[in-house]
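This report refers to the structure that appears directly beneath it.
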Amino acid sequence: MNKPENRVDKIVSDLLHGRRLRLRGGDAEEKAAITAAARLVAARQGPQRMNPAFRRRLKQALESAPTAPWMTRRAALVAGFGLAAGAVAGGLLGRQMEPAAVATRVAGGDPINPIPGKWVDVAAISDLVEGQGKQVNAGGVGAFLFRRGDSVTGVSSICSHLPCELWWNGRQGLLDCPCHPASFTPEGMSTDNTYPLPALNTVHVRVTPAGRVEVLGTD
Amino acid sequence: MPWSGVAMTAGYPPGSQESASDESGDVLQLPMARRATDIALDELEIVYAFIYARVGNRADAEDLTQQVAMKAIPRLREGAPASAIRGYLFATARSVLGGFWSTRLGLSEVELHEDLALAVPPAPPSEGRVDTVQRILAELSDNYRRVLELRFLHGYSLKEVAAEMHSTVGAVKVMQLRALRSAAKVKME
């Protein structure tokens, strides 16, 4: 089943049945064939318009965005968008019911201290490439890890403004927020000088003598 | 009120949040926020078609379009002209698509092939997409063209394609993969 022709046919079959693209890391070898399949399926169907229900939802999201009761960053930081809870140091306790716009006035950069915390093995240090962020999950704590020599640092994978999961922009060496134009350095600092956001929360990271990387997370 | 910036660029004075006056005989306008949202939605329709044409399925296209919309909110409020908004939305769409493929395939964006570097379409997608398929298929060898025609245009199963081509399912799978690799080399824009 792992032969490339089988994997690609599975993806083609999903697309022909209107299903979502479900890809694996190993599929990168066939990225050209996969993207061609997606384009052929789309081309066969002709130009698409939004489903009316989706358009309504999008309209509602646009109109309510400034005052929408966003999930708090705190909830996203430790709860992993709804998983187990913990506590974040730095004065966020007790603010979990406040909207994000209020919560983000708190200075960022504080470490996430989940309660109860648990060291979670997330990778081998050899899996980390210098200059590249690696996204990991330690239970309910999501993080990006960065290696410098034998040491590893980590920042939360949740934006310091909206509760959105960041992604690694390898070309620019930055963490980008998909929800708004915001980027952060691997140290967690906002790159926008005109509208600087709080720094990303850091995560506790340690490297074991066996060369394993552990992040303080949750079960 | 949201979107006042966009509405302002449509020729209304800053701070005016009410419907345009009809005292001068102008056509009564919709409330500004609603009007601006509708403008944004119309632009997002084009973005949706653009994204759909590259991911080939509704669920991913909706997720990505929503990401573009949410990411664009601050810019839409800055009062940029409509042309700039479209440019920004498509720039954002390219970034979001890059992130999508990068995450799904486990690649850094640098590693992504330039075929994912997507040009900003000057106008909404044309109606001639099927012609585009035919143009792509025309570049392929007979067997490759046939297998993709049967599979993608006629919706045949592998077994049906194998029967049609007097071949085996295994051989058709391999041929399909090779045909897609060849199709990827054809300029689709």
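Here are the numbers for the structure shown:
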item	result
Charge dipole (region B:129-184, unit charges on Cβ, about Cα centre) - positive-most of B:182, B:132, B:157	B:182
Ascending count of other beta-carbon atoms within 10 Å, so fewest first, for A:35, B:132	B:132, A:35
Percent breakdown of C-alpha pair distances by 10 Å bin, ordered from the shortest bin, for region B:129-184	27, 58, 16, 0
Positive-pole candidate from A:38, A:6, A:61, dipole of region A:1-68, charges at beta carbon	A:61
Set A:10/A:59; B:71/B:173; A:59/A:118; A:134/B:71; A:31/A:59; A:31/B:71 screened for pairs whose C-alpha atoms are more than 31 Å apart	A:10/A:59; B:71/B:173; A:59/A:118; A:31/A:59
Net +/- balance of residues flanking residue A:212 in space, Cβ distance below 11 Å, scoring K and R +1, D and E -1	-2
For A:169-176, mean number of other protein chain Cβ atoms within 10 Å	4
Student exercise, region B:129-184 dipole from Lys, Arg, Asp, Glu Cβ charges, in Debye to nearest 20	200 debye
Stokes-Einstein translational diffusion, region A:4-45 - Kirkwood Rh over all Cα pairs, 1.002 mPa s, 20 °C, in µm²/s	210 µm²/s
Sequence ranges B:46-53, A:53-60, ranked by mean other-Cβ count within 10 angstrom, highest first	B:46-53, A:53-60
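Laboratory data are not the source of any read-out in this text; all were calculated from the coordinates shown. Keep in mind it's a predicted model, so treat the numbers as computed, not measured. Using ideal geometry, Cβ is built from the backbone for each residue, glycine included, and neighbour counts are taken over all protein chains shown.
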